[in-house]
Amino acid sequence: MLEPSTGEMDRAKKSGARTGRSPLRSSVALKEAGTLSQARTVVPILMYHKVGVAVDRPEDTFLNVSADAFERQMRALAHMRYRAMTFAQIVEALRSGQTLPRRVFAVTFDDGYTCVGEVAAPILERYGFPATVFVVSEAAGGANTWDGVTGRPLLPLMDWDRLRELDQAGWEVAGHTCTHPHLNELDDAEALREIAEGKAATEARLNIPLQTFCYPFGHFNARTPHLVQAAGFAGACTTRSGLAKRETDPFLLPRVKVAYRDGVAGMLYRLMVRPRLPNLRRNRSPRPT
């Protein structure tokens with residue numbers, strides 16, 4: 001198994017130091033993270049939204065990663081011999097007890113921004129990495145109107161033709177409701193309608209079965225995961241930080257959020273170190289996505 005290089009460890013330790021984490025604890029955790037446990041499989045599911053969107057004001061960095069940073073992050077993972085699988089493949093393996101490769105991860109994109117197809121997809125293709133994109137069925141080919149009231153930029157979303165191309169290239173297209181609502185604020189009937197009709201509309205447009213789901217804004221209540229299962233999905237991911245494990249509820253799988261400022265060192269810190277440190281923010285509500 002390829003171990004993290006000295007340079008990678010040093011950069012990740014420095015990233016931990018900037019956030020107030022102990023460099024010694026970070027170093028130990030990173031060494032332990034060099035392999036995936038055979039006894040208890042853990043899988044990082046990377047969470048992205050936008051890649052390569054121009055930054056003209058501070059708001060433009062929200063849920064955005066530069067094209068250069070994304071390229072370097074994927075190159076680093078390829079150099080470290082990580083292998084990418086779709087989120088659906090990860091869910092199936094975790095649920096069925098299948099043996100996974102010792103260095104496997106998933107790349108996920110929420111909302112389906114046009115920049116993902118234009119910027120991220122060619123980069124991932126160079127490294128042979130498939131990905132999963134969560135689609136808002138009524139917004140495909142439109143824009144992220146749900147962000148309009150926040151002052152954040154409205155950006156174009158991929159249309160059905162581009163989504164079909166990604167599906168044919170080995171990507172997974174997955175569910176993200178009809179209109180991107182706060183599911184925790186809806187009654188069960190309306191929440192189920194959003195989940196199930198978004199699934200049905202996307203399946204009809206692309207002539208494919210949707211297997212997995214992502215909660216808009218990362219918001220859900222105690223009943224929402226059951227509604228996702230009732231709609232016919234096999235699993236779902238949240239915006240909560242952590243690594244996916246066999247013992248985790250398959251409808252509440254956490255992810256590793258990659259931020260604009262992270263670069264390679266920050267991503268490796270989030271992927272290898274931070275999930276293994278004590279959870280000091282256990283009672284904090286999930287951040288919107």
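Points worth noting:
- Residue in segment 79-99 that is exposed (fewer than 15 other Cβ atoms within 10 Å of the Cβ), in contact (Cβ under 8 Å) with a residue 12 or more places away in the chain and in contact with a helix residue (DSSP H, G or I) (Cβ under 8 Å, 6 or more places away or on another chain) present: no
- Qualifying residues in segment 86-112 (those that are in a loop (DSSP other than H, G, I, E, B) and of a type in the set (S, T, N, Q)) - the one nearest to Q73 (Cα to Cα): T86
- Unique residue being closer than 22 Å to A236 by Cα and either out of contact with any Gly (no Cβ under 8 Å at 6 or more places or on another chain) or exposed (fewer than 15 other Cβ atoms within 10 Å of the Cβ) (or both) when the list is A121, A174, A140, A169: A174
- Odd one out for A191, checked against (1) buried (at least 18 other Cβ atoms within 10 Å of the Cβ); (2) assigned to a loop (DSSP other than H, G, I, E, B); (3) out of contact with any Phe, Trp or Tyr (no Cβ under 6 Å at 6 or more places or on another chain): (2)
- Verdict on P254 being assigned to a strand (DSSP E or B), at pLDDT 95 or above and either touching a Gly at 6+ places or on another chain (Cβ under 8 Å) or under 30 Å from D60 (Cα atoms) (or both): yes
- Cross-chain or 6+ apart pairs with Cβ under 9 Å, segment 113-137 first and in a helix (DSSP H, G or I), then hydroxyl-bearing (S, T, Y) and modelled with pLDDT under 95: none
- Residue satisfying condition, being under 27 Å from Q229 (Cβ atoms) and touching a strand residue (DSSP E or B) at 6+ places or on another chain (Cβ under 6 Å), within set T86, T114, T99: T86
- F134 being among the hydrophobic types (A, V, I, L, M, F, W, C) and in contact with a Cys (Cβ under 6 Å, 6 or more places away or on another chain): yes
The values are calculated or read from the model by the stated rules, or taken from the named source; none is laboratory data. What you see is a predicted model, and the numbers here were worked out from it, not measured in a lab. No Cβ is skipped: glycine too gets one built from the backbone with ideal geometry, and neighbour counts run over all protein chains shown.
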